[in-house]
Structures are given as C-alpha cells and as structure tokens.
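What follows is a short report on a single structure.
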Amino acid sequence: KAGVTQTPRYLIKTRGQQVTLSCSPISGHRSVSWYQQTPGQGLQFLFEYFSETQRNKGNFPGRFSGRQFSNSRSEMNVSTLELGDSALYLCASSFGTVSFGGDTQYFGPGTRLTVL
Amino acid sequence: GIQVEQSPPDLILQEGANSTLRCNFSDSVNNLQWFHQNPWGQLINLFYIPSGTKQNGRLSATTVATERYSLLYISSSQTTDSGVYFCAVEGAGGFKTIFGAGTRLFVKA
C-alpha cells in the first residue's frame, strides 16, 4: 500500500498571502488529522476529518481551515499568513476516527511552510 | 486539558546500550501511541498501546493506565535509532491527540 502523501513538500509564502496544503491518506483510511510542528510549540493538533466531517478542532484561529473530500483526500488552508505560521505541517491518516479511542495513525512526510 | 510529560528530554547513548524513555500523563486516556521522528522529519508509528505490553524487535513498550505512565524500551541501540521519540495520547474525553515534547536520542557509533 502507498503511504500518506502530502503536497507540496516545501512552500515559501509572504505575510498576508494564503496557502492550501494537500494530503492523500492511505487507501481505505477515512480519517485525516492535521498537525503543526514548530520548535517552540512542538506538535499541536489542528483538526481531524472523518467521512468529510470535521470531528475535532484544536486551539487555532479561524484563519486555519480544512476540508475532506469524498475520496478521503484532505486539504487545509491558512489565510492571511503570519510569520508565526512557519512550520512543518503534518497529516496523518487512520482507518477509523482518532477520537474516542481510535486507531493507529500513519503520518505523511509533511509540508514545510516558510512565511517571509 | 490533559498534560503529557516525557523524560528525559535528551539522551546520548553508545551504540549497543539499552535505554528507557518515560511518558507521564495527567488523566485517563483512550489511546496512547509512541512515534519516532527521524532526522528528516518523518514520524513513524512505533506502538499503539493504551494499556499492556507490546514488543517489536528491539523495541518494547508498556503502558500502566491506572498509574498514568508509559515506558518505551530500546535495547541494543543502533545509530539509526537516533531522532526524537514522541508519546501522544488522547484523553478519555476524546476529541484530540496531545503530544509530549519528545525525547531527543543520539546514538554514537
């Protein structure tokens, strides 16, 4: 089976722009979760989608949004980029929902976003 | 919310040595996972272990849910074991995965 894929792998944007990141889960997986990793804050949960519905959301401003398509692929969008949004954005997929004692998560390689 | 603490924060080992990494959590959990992040940033799932003991080659993990901790054992360490080891939990109330700050391991040849 192919693993979780994320595109693009690297991205450079300037403040005020918006960005869309894509994640394709492992075939058959229905849950996609997004995480932000920074040196200062570590790994932080952004949101989880299961069967096209957002199940959970972390403590991030409304500039961070996402969606999931019927084929389970997911996108996350960050609008009005700030310098502090520079981070490694990781996507993880699992068969079942992560919530309520869910499943093993498999991570993609991440998208490294740099905001100038 | 639930707090996750990992220790030690940093660890340097000679190749062939054994080590124990610890993860303490402040509340009941639905699940607990151990991950290894390699130097290129890839997170690899090691164990899904909300309770009990599991082994996979040179690695094993034990979670004592009633005492709110988990241990990851690495035996006969190799240079390829270097990287950051994360513990991640989902609290019994559900809703999101919380990561610890990680243990950074360096194995010297």
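Computed from the coordinates by the stated procedures, all read-outs in this text should not be read as laboratory data. Quantities reported herein were computed from a predicted structural model and do not represent experimental measurements. Reconstructed Cβ throughout: ideal geometry from the backbone, glycine too, with neighbour counts over all protein chains shown.
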Residues of the stretch B:16-50 with amide N under 16 Å of the 7 Å Cα→Cβ point at B:Ala101: B:22-26
Shielding by other protein chains, A:22-28, mean Cβ within 10 Å: 0
Exercise: per-residue mean of other protein chain Cβ atoms within 10 Å, B:100-108: 1
Residue exposure sequence - A:Thr14, B:Thr103, B:Thr63 - by fewest surrounding Cβ within 10 Å: A:Thr14, B:Thr103, B:Thr63
B:Gln3 paired with A:Lys13, simple spin-label distance in nm, labels 7 Å along Cα-to-beta-carbon: 3.4 nm
Label point distance in nm, A:Ser27-B:Arg22, each placed 7 Å from Cα along Cα→Cβ: 4.5 nm
Reachable aspartates and glutamates, given that their alpha-carbon falls under 19 Å from the alpha-carbon of A:Lys57 and they are not under 8 places away in the same chain: A:Glu48, A:Glu75, A:Asp85, A:Asp103, B:Glu90
Under 13 Å from the Cα of B:Lys108 - aspartates and glutamates, other chains or at least 8 residues apart: B:Glu15, B:Asp81
For A:83-90, mean number of other protein chain Cβ atoms within 10 Å: 1
Cα-only Debye scattering, the protein assembly as shown: base-10 log of I(q)/I(0) at q = 0.09, 0.12, 0.17 Å⁻¹: -0.36, -0.64, -1.23
Percentage of interatomic Cα-Cα distances in chain A larger than 19 Å: 40 percent
